[in-house]
Amino acid sequence: MSGSNLHDKMIDREKSFHGVKSVAGNRNGLHDSGESAACGRQDEKSADSGNGEKSDKMRLQVYLAHAGVASRRACEQFIADGRVTVNGVCITEPGSKVSAEDSVCVDGKPVYIEETKRYILLHKPAGYVCSLSDEKGRAVAADLLREAYSERLYNVGRLDMYSAGLIIFTNDGQFAAEISHPSAEIEKEYIVETSLPVPPGLVEKFMHGVRVDGVFYKCVTAEQLGTRRVRVVLIEGKNREIRHVFEYFGAAIKRLTRMRIGSIENGGLQAGQFRELTPSEVSSLLRMAHHNKSGDSDGSGKNGSNNGSNRAASFIHTKSRSEK
């Protein structure tokens, strides 16, 4: 499905959008990851064919992405690793087709296409890892959403454990693939606070590009806001890019917070709080990704409506760290 088609489908969902979901109201009706996937089963599991008609079969990785297992690319790896079975048979080829009548399992647990698509903006507190589970027993960001949503949600992109700020969770694999692909070039804005004054030249050199341990890092823009505060905008997805650059210049980072994803700004979310993205915000992200991939002139990562951030207060879910 193209970015524009997915964008059109999001507009069709406007009337059925559920703006607020009470955290307290869901505490007694929760499901774990395996159960929530089962709860999201729908009667018709069809995909659009190339000519716009409905087909009763779809590629296995697409089915898994629509079921909220992970992004399409991650699902392809799940298949290659032998973690997926169809009707009891282990499938290792991503191109295999499945239908609603097939029994699809991941790691032995049945998964189904979820009817309700979720797009959640979380202000991740520092100290949480962006993973569905952690072998070291560390706090997981997805756990902050479990009491409010039964769907199987996963993060789009990452924030390292010691960073805070905005991150999107969804069960829509196509959406995740669209906006997380490198060619989407969605801007992400950060505020960096350092323990000591920012070294002279750091901002300018980061904007022109700097090579650290053989890796080239270059931000879209950087602006020094004070002696120990810098605003940085990135479109790259390189691991711990800001931390590597600041450490290279001897600037120890005290606090690193992501403030914006594309046109989606914080809008008053405190650490640990989250809200659902509005349909217009989801469409805005898809528009940016589509424009940037096609090279359109109006495809800057910050383009799109900011109305959603202005209305954020009415969608905020409060969840304190002390509840964990």
- Query: In nm, to one decimal, how far is the modelled label at C105 from the one at K254, with both set 7 Å along Cα→Cβ?
  - Reply: 5.4
- Task: For an R0 of 25 angstrom, estimate the FRET efficiency from the Cβ-Cβ distance between K136 and A74 and round to the nearest 0.05.
- Result: 0.75
- Item | Out-of-range pairs (alpha-carbon distance over 31 Å; input K124/K205; K124/K218; K117/K293; K57/K124; K57/K188) | K57/K124; K57/K188
- Task: Kindly report, to the nearest 10 Å², the accessible surface of D81 as traced by a 1.4 Å probe over protein heavy atoms only.
- Result: 90
- At 0.890 mPa s and 25 °C, Stokes diffusion of segment 53-126 via Kirkwood alpha-carbon radius, µm² per second: 189
- Task: Please report, as a whole percent, how much of the solvent-accessible surface of segment 141-233 comes from carbon and sulfur atoms (probe radius 1.4 Å).
- Result: 50
- Message: Nothing charged except the Cβ atoms of Lys and Arg (+1) and of Asp and Glu (-1): what's the magnitude of the dipole of segment 141-207 about its Cα centre? Round to the nearest 20 debye.
- Response: 160
- Task: Using a 10 Å cut-off on Cβ atoms, rank the peptides 125-134, 101-110, 279-288 from the highest mean neighbour count down.
- Result: 279-288, 125-134, 101-110
- Item | List E193, E135, E204, ordered by accessible area with a 1.4 Å probe, largest first | E135, E204, E193
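The values are calculated or read from the model by the stated rules, or taken from the named source; none is laboratory data. This is a predicted model, so every value here is computed, not measured. Note: ideal-geometry Cβ built from the backbone for every residue, glycine included; neighbour counts use all protein chains shown. The protein model used for the area step is the full one, side chains on, heavy atoms only, and it has no ligands, DNA or RNA in it. Shrake-Rupley method; radii C 1.70, N 1.55, O 1.52, S 1.80 Å.
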